[in-house]
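The values are calculated or read from the model by the stated rules, or taken from the named source; none is laboratory data. Since the structure is predicted, the reported quantities are computational estimates derived from the model, not experimental observations. FYI the Cβ positions are ideal-geometry reconstructions off the backbone, even for glycines, and counts take in every protein chain you see. Note: accessible area is taken over every heavy atom of the protein model, side chains too, but ligands, DNA and RNA are not part of it. Shrake-Rupley method; radii C 1.70, N 1.55, O 1.52, S 1.80 Å.
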Amino acid sequence: MIRAVKGTHDILPDEIGLWQMVEASARSLFGRYGYREIRTPVFEETQLFARGIGGETDIVSKEMYTFEDRMDKEGRSNSLTLRPEATAGVVRAVIENHLHQTDPALKVFAIGPMFRAENVQKGRYRQFHQVDVEAFGVADPSIDVEIIEMAVSYLEACGLAGSTLLLNSVGDSECRPAYTEKLRAALRKEASRLCGDCQRRIETNPLRVLDCKVPEDQEIIEGLPRIADSLCGPCEAHFAEVRRELDLLGIAYRQSHRLVRGLDYYTRTTFEVVSGALGSQNSVLGGGRYDGLVKDLDGPDLTGIGFALGMERLVMLLEGGRAAPRCDAYLAVLASAGRDKALLLQRELRRSGFATLMDYAGHGLKSQMKRADKLGARLVLLLGDDELSKGVWTVRDMASSNQQAVDDARVIEHVKEKLHG
Ligand code: HAM
């Protein structure tokens, strides 16, 4: 039997309700903040990610699905990569299509699959899905706060409770180099006690040491110099204003000096929402400011900030919460002579906007009621011999178990009253 590739999964019809709800909430909420959807290709030239995300990151150094494209007529081929995240592709699209020229405060969001060759575990897949949000061209800290507030509101709108917002600043090209050197010097002193990966990172990218999850390294990492103590004046002021506005809006956060994030493009504000219920892969969403990225990818000097949410993780947290009802009205037809009448009513109810289902196989009452219940039907419309002879439907409200006889001519109106209030 051929199975799904390791680290990929099907999203089955029983699960799709939550996925659609999460997508619909994104479209509806983000629109209110001025974001419009953008769809970029699933694969891009490898160098976009290598340059954008950073060669020393885990993503680029060991997790990319990279392949050679077919050769062109001249015998040349390109190295291509399945997108491991959305930001680099969105930035490329902004630059290539000059989107910032018509909209200097451009706001976009994207929803779709990403690909990382990771060690598979609960909440960590090789094909996973993100809701990604990016805002360009606004340097003011108010946009940082707006985007964080939107992220928090989005999780609330989806019904997620009990998560924690983490916040940090990673400085910029003015102050980070000096901090990196300070960190490197401190790390060299501890090198022999650190894991192999961290020993290598001391020289290649010391900030990545702060991401290390190896238990034995944790005590050493906690004692390292903190970036918050090394921020330059403008970065310090930016961070202070972000915190002030978050307080103003009553958004609770915890400052986390180790939140440098796994991608190299971040400057200043970084943030993550974590949930204890997720286990070791506890990050529901993460993001931050990336003021140098557009320019680094040969675009204009345009600031940027954004975040991405892991849809599998959010859906996992919401599972069991809200079951998506699949049926407004279920037609339980017990009189075989009533079938044509039921078919006509089914069409009319669907035309009136109601999810309507009926049983074509002529099952008994008990089995049909069980099915209606499983589908989450709000109303069951019963048609037995008695109803047929009297020209009525018995309408049962599944929540209250009340039922009443409703004349054929009034049945659509009755369903509308019941379901639309
Ligand atoms: P990231 O932290 O790499 O950031 O990913 C964002 C979210 O995607 C994570 O918080 C997690 O929920 C989900 N995620 C990441 N890897 C996996 C995986 N292997 N399986 C399941 N879920 C996963 C970014 O991707 C940045 N592009 C975010 C951003 C946008 N920064 C600025 N703009």
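Going by the conditions given, is Val133 touching a residue at least 40 places away in the same chain (Cβ under 8 Å) and open to solvent by less than 50 Å² (accessible area, probe 1.4 Å)? Please lay out each step first, then the result.
Details: touching a residue at least 40 places away in the same chain (Cβ under 8 Å): yes; open to solvent by less than 50 Å² (accessible area, probe 1.4 Å): yes.
Criteria met by Val133.
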Apart from one, (1) without any contact (Cβ under 8 Å) to a residue 40 or more places away in the chain; (2) touching a Cys at 6+ places or on another chain (Cβ under 8 Å); (3) within 15 Å of the ligand (Cβ to nearest atom); (4) not charged (D, E, K, R) all hold for Leu357; the odd one out is (3)
Among the residues of the stretch 56-76, is there at least one that is of a type in the set (Val, Ile, Thr), more than 25 Å from Asp103 (Cα to Cα) and part of a loop (DSSP other than H, G, I, E, B)? yes
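So that you can scan it fast, the table gives a plain yes or no per residue for (1) within 24 Å of Ala161 (Cβ to Cβ); (2) near the ligand (Cβ under 9 Å from one of its atoms); (3) modelled with pLDDT under 95; (4) part of a helix (DSSP H, G or I):
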| position | (1), (2), (3), (4) |
| --- | --- |
| Asp264 | no, no, yes, no |
| Gln281 | yes, yes, yes, no |
| Asp298 | no, no, no, no |
| Tyr330 | no, no, no, no |
Do we have Val108 as within 27 Å of Leu317 (Cα to Cα), modelled with pLDDT of 95 or more and more than 10 Å from the ligand (Cβ to nearest atom) here? yes
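Which one of these is part of a helix (DSSP H, G or I), out of contact with any Leu (no Cβ under 7 Å at 6 or more places or on another chain) and surrounded by 16 or more Cβ atoms within 10 Å (Cβ to Cβ): Arg208, Arg188, Arg244?
After ruling out the rest, the residue left standing is Arg208.
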Checking Ala86 against (1) under 26 Å from Ala4 (Cα atoms); (2) surrounded by fewer than 13 Cβ atoms within 10 Å (Cβ to Cβ), which test does it fail? (2)
For Gly306, are the conditions met, namely being open to solvent by less than 40 Å² (accessible area, probe 1.4 Å), without any contact (Cβ under 8 Å) to a residue 60 or more places away in the chain and touching an Asp or Glu at 6+ places or on another chain (Cβ under 6 Å)? no
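Conditions tested, residue by residue: (1) in a helix (DSSP H, G or I); (2) within 15 Å of the ligand (Cβ to nearest atom); (3) of a type in the set (Ser, Thr, Tyr); (4) surrounded by fewer than 19 Cβ atoms within 10 Å (Cβ to Cβ).
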{"site": "Ser142", "(1), (2), (3), (4)": "yes, no, yes, yes"}
{"site": "Tyr154", "(1), (2), (3), (4)": "yes, yes, yes, no"}
{"site": "Glu174", "(1), (2), (3), (4)": "no, no, no, yes"}
{"site": "Pro177", "(1), (2), (3), (4)": "yes, no, no, yes"}
{"site": "Arg184", "(1), (2), (3), (4)": "yes, no, no, yes"}
{"site": "Glu203", "(1), (2), (3), (4)": "yes, no, no, yes"}
{"site": "Gln218", "(1), (2), (3), (4)": "yes, no, no, yes"}
{"site": "Glu236", "(1), (2), (3), (4)": "yes, no, no, yes"}
Does the stretch 368-379 contain any residue that is free of Cβ contacts under 8 Å to residues at least 24 places away in the same chain and either open to solvent by 20 Å² or more (accessible area, probe 1.4 Å) or within 37 Å of the chain's Cα centre (by Cα) (or both)? yes
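Based on what the data block shows, is Ile251 over 26 Å from Val120 (Cα atoms), assigned to a helix (DSSP H, G or I) and open to solvent by less than 50 Å² (accessible area, probe 1.4 Å)? Even if it seems obvious, please write down each step before you answer.
Details: over 26 Å from Val120 (Cα atoms): yes; assigned to a helix (DSSP H, G or I): no; open to solvent by less than 50 Å² (accessible area, probe 1.4 Å): yes.
Against the criterion (over 26 Å from Val120 (Cα atoms), assigned to a helix (DSSP H, G or I) and open to solvent by less than 50 Å² (accessible area, probe 1.4 Å)), Ile251 does not qualify.
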